[in-house]
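Here's the structure we're looking at; comments come further down.
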Amino acid sequence: MGKDRYRRQILVKEVGQKGQKTLASKHAILIGGGGLGSNSANLLVRMGIGHIDIIDYDTIDKTNLHRTSVFSEQDIGKNKALVLEKRLQSVNTDVQVKGINKKVTSKNIESLIHNADVIIDGTDNIPLRLLINEKAIKHKIPWVYAGVYETVGMVMAILPKKTACFHCITPTIPAPKTTEIPVLGSLPATIAAIQCNEVIKILLGKQPAGLLIYDVWNQCFDILDIKRNPCCPICGKK
Ligand SMILES: [Zn+2]
């Protein structure tokens, strides 16, 4: 592990040498490499998570460029996961970045996440998040939900059987009114950064914060302490 690379991060008392070593030993699986996912992948690679798999079957479109700091016009038409692998591996050769050009389905998800220490949500739809949630709870893998809509973003770290799960909070999340989700260009980077903070905290054994809601336009953060639903079909007792 390159000592100098992380020197300033190791100085953070919550991380230290031990924490940095821990991060280097972890395997993160990022599902979705678009606006949110590309920004999250960028941060996690730089912060030194040892292994990162980035899964996305989609290609980069011109309309993606306003909300990511990783892709350029030269990447248009190329697979998101494979571009992220190439670009981010060159940022940090101390970690392993693997791009996987695949659509995540109920049939392949378990084989894709089986060796994850944490799953990171870079998706843009509720059904896929519910699928991630179900399998993450089943296999006791923590995961960090993140979503953006117009000028509002949400993040929640989910610890199986310890915190509320995504199914417990789904009624709190408004369903998108259109298929093309409106989003302010700077919002995914903001929300991705908060998501990565939660990822780091989980990997270093710190308790997550609850459901965080950030409203850009009114400049306010809210944290909702959502309790587990004892009747939840995914994380409930029955
Ligand atoms: Zn639940």
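His27 versus Arg228, label points 7 Å from Cα toward the beta carbon: distance in nm?
2.6
How far apart, in nm, are two points set 7 Å out from the Cα along the Cα-to-Cβ line at Gln74 and at Lys140?
4.6
Percent of alpha carbon pairs in the stretch 123-183 separated by more than 18 Å?
For the stretch 123-183, the fraction of Cα-Cα distances above 18 Å is 33 percent.
I'd like the Kirkwood hydrodynamic radius of the stretch 33-174, using the inverse of the mean 1/r over distinct C-alpha pairs, in Å.
15.6
Evaluate Rg over Rh across the stretch 59-119, taking Cα atoms for both radii and Kirkwood's formula for Rh.
Ratio of gyration radius to Kirkwood radius: 1.02.
Per q in 0.11, 0.14, 0.22 1/Å, what log10 I(q)/I(0) does a Debye calculation on the alpha-carbon atoms of the stretch 172-238 return?
Scattering profile of the stretch 172-238, log10 relative to I(0): -0.40, -0.64, -1.17.
Sort out for me the Cα centre separation of the stretch 207-238 from the stretch 136-170, rounded to whole Å.
So the separation of the two Cα centres works out to 8 Å.
So for the chain, averaging the separation of alpha carbon pairs under 8 Å that are six or more residues apart and normalising by length, what relative contact order in percent results?
19
May I ask for the longest run of the chain untouched by GluC sites (Glu not before Pro) that are loop-located per DSSP and have at most 13 neighbouring C-beta atoms (other than their own) within 10 Å?
Looking at the chain, 15-179 is the longest stretch - no exposed GluC sites (Glu not before Pro) with at most 13 other Cβ atoms within 10 Å.
Could you check how much of the accessible area of the stretch 94-217 is carbon and sulfur, as a whole percent, using a 1.4 Å probe?
55
Find the Cα radius of gyration of the chain, compare it with 2.2 N^0.38 Å by division, and give the number to two decimals.
It is 0.96.
Which number do you get for Rg(Cα) / (2.2 N^0.38 Å) in the stretch 120-238?
Taking the Cα Rg and dividing by 2.2 N^0.38 Å, one obtains 1.02.
The values are calculated or read from the model by the stated rules, or taken from the named source; none is laboratory data. Model, not experiment: these values are computed from the prediction. Using ideal geometry, Cβ is built from the backbone for each residue, glycine included, and neighbour counts are taken over all protein chains shown. Ligands, DNA and RNA are excluded from the accessible area calculation, which covers all protein heavy atoms including side chains. Shrake-Rupley method; radii C 1.70, N 1.55, O 1.52, S 1.80 Å.
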